[in-house]
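S.K.: Following this message is one structure expressed as structure tokens.
The values are calculated or read from the model by the stated rules, or taken from the named source; none is laboratory data. The model shown is predicted, which means the values in this text are computed figures rather than measured ones. Quick reminder, even Gly has a Cβ in these numbers, built from the backbone with ideal geometry, and neighbours come from all protein chains shown.
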Amino acid sequence: MTVTHTSAFSLKATKLPDGFDSKTLEEVRTDLADNGVATPAGDDQSELAAIVADARAHGIDLSIVVLDGNPGHDSELRDLATEVAGFQHGTVAVFSDDWIGTTSDSISRVRLEWAEDKSKFTGGKTEQAAQTLVHRLEQTPTVSWTEITIVLLAGLVLTVGGLYWVKARRAGGSPPPVDAAPGPRTRRTEDPELEPAAQ
């Protein structure tokens, strides 16, 4: 069987959770318009709306979508968040009972996933998961990749500079002593019969 590059490296199609289509996405859009929260019909949104308002007050333009149960795969939540981000700017978080999917136009994927880690597996306690997510997004990351990069580059520059200095110092010092040129060699024969004649 011949494997072509298109079959080996084809992109995975976006898969939304069951029950989501263009009509459902339009309902989510309408639900998000008033308070930044979209939940299944009949769910109380007040606590989630307060969390969204607090996040927005702290500079995180958050929108929350809540699903009943868990989809077939957790990546479907991120796919749904990406679809919602097509009409809802900022940071979109989609919660199921145990998982979360996020996307953002202002927060890096690394930071989002760091915040997601502690927000999973809450057993359907969406308010708790959302509060944990916001709390971690509001924190300053303990590792600044910019600072690490600057330190590594400074170390590299110092190392190259040090090696250049050592090389220049060696080249500028006194030259190594040169052995005296060897004098003319006397040819010695190994033939014992010729030796007495040479003497």
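S.K.: When only residues in the range 85-130 that are of a type in the set (A, V, I, L, M, F, W, C) and surrounded by fewer than 20 Cβ atoms within 10 Å (Cβ to Cβ) count, which is nearest to Leu16 (Cα to Cα)?
M.R.: That would be Ala85.
S.K.: Residues of the range 40-58 being of a type in the set (Val, Ile, Thr) and surrounded by fewer than 19 Cβ atoms within 10 Å (Cβ to Cβ), which ones? Give the derivation first.
M.R.: Narrowing the range 40-58 to residues of a type in the set (Val, Ile, Thr): 51-52.
Correct list: empty.
S.K.: Of the numbered conditions (1) at pLDDT below 95; (2) part of a helix (DSSP H, G or I); (3) surrounded by 13 or more Cβ atoms within 10 Å (Cβ to Cβ), Val166 satisfies every one except a single condition; which is it?
M.R.: The failed condition is (3).
S.K.: Now for a different question. Could you check how many residues of the range 109-163 are in a helix (DSSP H, G or I), closer than 20 Å to Arg78 by Cβ and not β-branched (Val, Ile, Thr)?
M.R.: Residues that pass the stated criteria total 13.
S.K.: Report yes if Glu138 is surrounded by 13 or more Cβ atoms within 10 Å (Cβ to Cβ) and charged (D, E, K, R), otherwise no.
M.R.: yes
S.K.: Also, I was wondering about something else. Filter the range 54-99 for residues that are small (Gly, Ala, Ser) and in contact with a Gly (Cβ under 8 Å, 6 or more places away or on another chain); which is nearest to Lys15 (Cα to Cα)?
M.R.: Filtering first and then ranking leaves Ser75.
S.K.: Which members of the range 68-108 meet the condition of being touching a Phe, Trp or Tyr at 6+ places or on another chain (Cβ under 7 Å) and in a loop (DSSP other than H, G, I, E, B)?
M.R.: Asn70, Asp74, Asp98
S.K.: Taking the stated definitions as given, is Glu83 farther than 12 Å from Leu62 by Cα, in contact with an Asp or Glu (Cβ under 7 Å, 6 or more places away or on another chain) and touching a residue at least 40 places away in the same chain (Cβ under 8 Å)?
M.R.: no
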